[in-house]
1. Computed FRET efficiency, Cβ-Cβ of Gln2 and Glu88, R0 35 Å: what is it to the nearest 0.05?
2. Could you tell me the calculated FRET efficiency between Ser24 and Ser121, based on Cβ-Cβ distance and R0 = 22 angstrom, to the nearest 0.05?
3. Quantify, in whole percent, the carbon and sulfur part of the accessible surface of the chain (1.4 Å probe; protein heavy atoms only).
4. How much area per residue is accessible in the chain when the probe is 1.4 Å and only protein heavy atoms are counted (Å²)?
5. Enumerate the aspartates and glutamates that Lys64 could reach by cross-link, defined here as Cα to Cα under 20 Å, with residues fewer than 8 away along the same chain left out.
6. List the trypsin sites (Lys or Arg not before Pro) in segment 29-122 that DSSP assigns to loop (not H, G, I, E or B) and whose Cβ has at most 13 other Cβ atoms within 10 Å. Which are they?
7. Among residues other than Ile57 whose Cβ falls under 11 Å from its Cβ, what is the net charge (Lys/Arg +1, Asp/Glu -1)?
8. Using label points projected 7 Å from each Cα along Cα→Cβ, tell me how many nm separate Asp61 and Asn76, to one decimal.
Amino acid sequence: VQLQESGGGLVQAGGSLRLSCATSGHSLSSYYVGWFRQAPGKLREFVALISRSGSGIYYSDSVKGRFTISRDYAKNMVLLQMNTLKPEDTAIYYCAANADPVLRTAALYRFWGQGTQVTVSS
């Protein structure tokens, strides 16, 4: 399963971005999909997760209330709407997929995208 992120960019603090995670040849609805991020010099950290049905959604405390993860079944995508962005949200954002629920543990996700850069200026 090849994943491709898009939607990153440069935005001012308080602004919004929407990231997309897409794949071709496979249905993303068959996988649990998580978003992770990695800032320079830091470990990759969990951001959000959505279950196959979309009924199970989890967020890290740092993004809860600002970010929204969702599925677009028609487009075979998982979206991450990021609002009220802060400079500390600056990182490379990755989507990851796994057939079994592995929640927040990045090492257990089997499939990864290449990442998209999000930069939030103050």
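The values are calculated or read from the model by the stated rules, or taken from the named source; none is laboratory data. Predicted, not measured: the structure shown is a model, and the values here were computed from it. Here the Cβ is made from the backbone with ideal geometry for all residues, glycine too, and neighbour counts use every protein chain on show. Calculation scope for accessible area: heavy atoms of the full protein, side chains included, ligands and nucleic acids excluded. Shrake-Rupley method; radii C 1.70, N 1.55, O 1.52, S 1.80 Å.
1. With a Förster radius of 35 Å, E is 0.70.
2. For Ser24 and Ser121, the calculated efficiency is 0.10.
3. 50 percent
4. Per-residue accessible area for the chain comes out at 51 Å².
5. Once the sequence-local aspartates and glutamates are set aside, what remains near Lys64 is Glu45, Glu88, Asp89.
6. The qualifying sites are Lys42, Lys64, Lys75, Arg110.
7. +2
8. So the label points at Asp61 and Asn76 sit 3.9 nm apart.
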